[in-house]
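Quick notes on the structure that follows.
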Amino acid sequence: DHAIPYIEDAILLIQIAKGDPSFWREITAEMQAGILDDDKVQNYENKEWDYADTLGFEGGLRLAKGALLMFTSYNLADIDYAAIFADDFNFQQYLNTNPNLLTLRTEGSARMAAAGDEFNTAFGLFINAFDAIDAESDDQSNDILAFTDIEPNDKPRIRQGLVQLRNSLQGTESIDPNDYFDKYIPEETVDLNLYNFFNTPIDRTDLPEF
């Protein structure tokens, strides 16, 4: 919970750059070394921060916020990591002795719905960042986000994956695994609905007996 306000502040700050599609800044080697408290400036090179990086960075922040909202929707305070990693660990017995573990908190359903909204926004930003990078015609070698290590034939598949994940956060999306895995055998689609996952969240009562 404590980290979420800081992420929200960062999201607000980044709107300054996001409001200008022509935004561009040079992130020097000295700046990078200073941020990481590293005196070996020679290990870094100047980088270009542009509009695509702004979109991608906000997407990452919203993804992090969504993840925190999701995990803090549940009662996890009773987790005993020493017991979990013990050789004789029994999951069902552990649940029985910790009746609040993995139950939704009082505001858990609302937090899960908010997490879904953040993930939906994040993937929309990733798609926009992808398109912004793809539209760039200048040298990409010093960009923070670039396609320099991605095969041209893989780009449509990556974009399609981002779109389908975002669509699944809005309803049911039929996905053909063969679009992503060359040796996937079953010739059938998989229906993915992350909207239901976030808006009708499960808790320990939905788990099978172990």
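Brief remarks on what is shown
- The residues of segment 84-112 that are open to solvent by less than 30 Å² (accessible area, probe 1.4 Å) and in a helix (DSSP H, G or I), listed by number, are Gln92, Tyr94, Leu95, Gly108, Met112.
- Residues that are in contact with a Lys or Arg (Cβ under 6 Å, 6 or more places away or on another chain) and under 30 Å from Glu107 (Cα atoms), drawn from segment 5-47: Ile7
- A Cβ distance below 7 Å, combined with a sequence gap of six or more or placement on separate chains, defines the contacts here; from segment 149-164, residues that are at negative phi and of a type in the set (A, V, I, L, M) reach residues that are assigned to a helix (DSSP H, G or I) and open to solvent by less than 60 Å² (accessible area, probe 1.4 Å) in the pairs Leu162/Phe123; Leu162/Phe126; Leu162/Ile127; Leu162/Phe130; Val163/Ile127.
- Residue ID - most open to solvent (accessible area, probe 1.4 Å), chosen from residues in segment 113-142 that are within 30 Å of Asn75 (Cα to Cα) and either of a type in the set (D, E, K, R) or over 25 Å from the mean Cα position of the chain (by Cα) (or both): Asp117
- Qualifying positions in segment 48-65 - modelled with pLDDT of 90 or more and either open to solvent by 50 Å² or more (accessible area, probe 1.4 Å) or touching a Lys or Arg at 6+ places or on another chain (Cβ under 6 Å) (or both): Thr54, Phe57, Leu63
- Scanning segment 191-210 for residues that are open to solvent by less than 70 Å² (accessible area, probe 1.4 Å) and either aromatic (Phe, Trp, Tyr) or in a helix (DSSP H, G or I) (or both) yields a total of 4.
- Of all residue pairs spaced 6 or more apart or on separate chains, those with beta-carbon atoms under 9 Å, a first member in segment 74-93 that is free of Cβ contacts under 8 Å to residues at least 40 places away in the same chain and closer than 26 Å to Phe197 by Cα and a second member that is hydrophobic (A, V, I, L, M, F, W, C) and in a helix (DSSP H, G or I) are Ile84/Phe91.
- Sole exception among (1) open to solvent by 70 Å² or more (accessible area, probe 1.4 Å); (2) closer than 30 Å to Glu8 by Cβ; (3) of a type outside the set (Lys, Arg); (4) not in a helix (DSSP H, G or I) for Leu145, by number: (1)
- Leu145 on the phi > 0 side of the Ramachandran plot and touching a helix residue (DSSP H, G or I) at 6+ places or on another chain (Cβ under 7 Å): no
- Test: Leu68 is open to solvent by less than 30 Å² (accessible area, probe 1.4 Å), hydrophobic (A, V, I, L, M, F, W, C), touching a residue at least 12 places away in the same chain (Cβ under 8 Å) and part of a helix (DSSP H, G or I): no
- Scan of segment 1-44 for residues that are among the basic types (Lys, Arg), within 24 Å of the chain's Cα centre (by Cα) and outside any helix (DSSP H, G or I), ordered by number: none
The values are calculated or read from the model by the stated rules, or taken from the named source; none is laboratory data. Keep in mind it's a predicted model, so treat the numbers as computed, not measured. No Cβ is skipped: glycine too gets one built from the backbone with ideal geometry, and neighbour counts run over all protein chains shown. Note: areas computed on protein heavy atoms with side chains; ligands, DNA, RNA excluded. Shrake-Rupley method; radii C 1.70, N 1.55, O 1.52, S 1.80 Å.
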